[in-house]
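The values are calculated or read from the model by the stated rules, or taken from the named source; none is laboratory data. These figures come from a predicted structure and were not determined experimentally. Backbone-built Cβ (ideal geometry, glycine too); neighbour counts: all protein chains shown. Ligands, DNA and RNA are excluded from the accessible area calculation, which covers all protein heavy atoms including side chains. Shrake-Rupley method; radii C 1.70, N 1.55, O 1.52, S 1.80 Å.
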Amino acid sequence: MDFDMPPEDDPRRLAVRAWLDQHPNPSMAEVAEAGYVVPHWPAPWGLDADPMHQLIIDEELHRAGIRRPGGIGIGWAAPTILLAGTDEQKQRYLPPILSGQDQWCQLFSEPDAGSDLAALRTQAVRDGDTYVVNGAKIWTSGGHQSRYGILIARTDPAAPKHRGISYFICPMDLPGLTLEPIIDMTTAHSFNQVFLDDVRLPAENLVGQENDGWRLTKVTLSNERVMLSSAGSLWGAGPSAAHLIELVRGGGGVDDPVLRQRLAALHCEAEVLRLNRLRTLSARLRGQTPGPEASIQKAMADEHGQHVMELAKDLAGTAGVLSGSGPAGPVPEDARTGATEVNVDAQLPGVHPIWHYGFLFSPALTIGGGTFAIQRNIIGELVLGLPREPRADR
């Protein structure tokens, strides 16, 4: 790593502060209009900011307490629309995504495809100025709360499986589209199965060229894996390693040497992940393409998130077996479905009741955005140059 943050009087930093002075309580639409939601994007959406400029904007917005929108729309759908969408699609869909107004979901996974996404069976048949879509999708996060979904469907059944796929924008209120909730072991309704029965999708909702959807799918998946690779990422449902260690310190520490070693190991994992991210950033600042460090980030971060939650539960002692250990606090509405909060005194000060949800949810980290096995195949074959795994379709 070889970079220094710009000084406090850097003109780029002063420009952000001047804008914040003029907009002390900005709406997200104002933040997006200023180009600060996606500063690395080209105008009019962003500022064509280089990596250092992005860091400056991130620092200043964080200091001002401004949290930019996230999720599938801005992290996965929008970059693909920016890359391959028509001007009309960009003007129609990007502004409400960047302002956080519209929620999106991802209609990729299918019940019979498993981890082999290209084995999808959902078909879209052109009929005049519409596509008639039939099939089923599964594990659609937030589908019941979304206005649009990004959908991939097979438009040429005779083509090799990676070449006959197209990429669409799918309104979630179209006739023939129904959702069935999937309630997971956390009692949360965050996933859905989606059925598409003769859904008529306007042809203008095709993104890019027909049968070029697999290329765009890989763009979306790359962004998804970056979004899911933050150390201990549990979408607010759990602590970071640093937060957990600070809670232990605030409570006077632990006497058990095994627990101390687990805390030390957790700190080491978090530090390796932090340094790995900085290596990627340093390469970008030098104008280089990130190397293997970018490929291994998600594989490492997934397991780290599970380790954080496992230790948090163990440090909570007997309170850790209850669904509401620790002082009461806000829990996401979906995560509260069917749950009962229990007021107990946790052995670990500051334990939040949502951590129980985070603990149960953490195994999903090694499935979402590409399973841990798929990630290791990618690392082995494309990074380490190992022989490719024998597969029936090759």
So is GLU271 among the acidic types (Asp, Glu), at pLDDT below 90 and over 22 Å from ALA373 (Cα atoms) or not?
no
Conditions (1) part of a loop (DSSP other than H, G, I, E, B); (2) open to solvent by 80 Å² or more (accessible area, probe 1.4 Å); (3) at pLDDT 95 or above -> ASP21 fails only (1)
Residues of the range 31-52 being modelled with pLDDT of 90 or more, assigned to a helix (DSSP H, G or I) and either over 14 Å from LEU94 (Cα atoms) or open to solvent by less than 30 Å² (accessible area, probe 1.4 Å) (or both), in sequence order, are VAL31, ALA32
Selection from the range 165-211 of residues at pLDDT below 95, part of a loop (DSSP other than H, G, I, E, B) and of a type outside the set (S, T, N, Q) yields ASP184, MET185, ALA188
State yes or no: is MET5 in contact (Cβ under 8 Å) with a residue 12 or more places away in the chain and surrounded by 15 or more Cβ atoms within 10 Å (Cβ to Cβ)?
-> no
Taking the range 93-138 and the residues there that are open to solvent by 30 Å² or more (accessible area, probe 1.4 Å) and outside any loop (DSSP other than H, G, I, E, B), the one that is farthest from LEU151 (Cα to Cα) would be PRO95
Taking first residues from the range 97-108 that are more than 20 Å from LEU196 (Cβ to Cβ) and second residues anywhere that are of a type in the set (Val, Ile, Thr) and assigned to a loop (DSSP other than H, G, I, E, B), the pairs with Cβ under 9 Å that are 6 or more apart or on different chains are LEU98/VAL37; LEU98/VAL38; SER99/VAL37; GLY100/VAL37
**Asked** Does PRO160 satisfy being modelled with pLDDT of 95 or more, surrounded by fewer than 14 Cβ atoms within 10 Å (Cβ to Cβ) and assigned to a loop (DSSP other than H, G, I, E, B)?
**Response** no
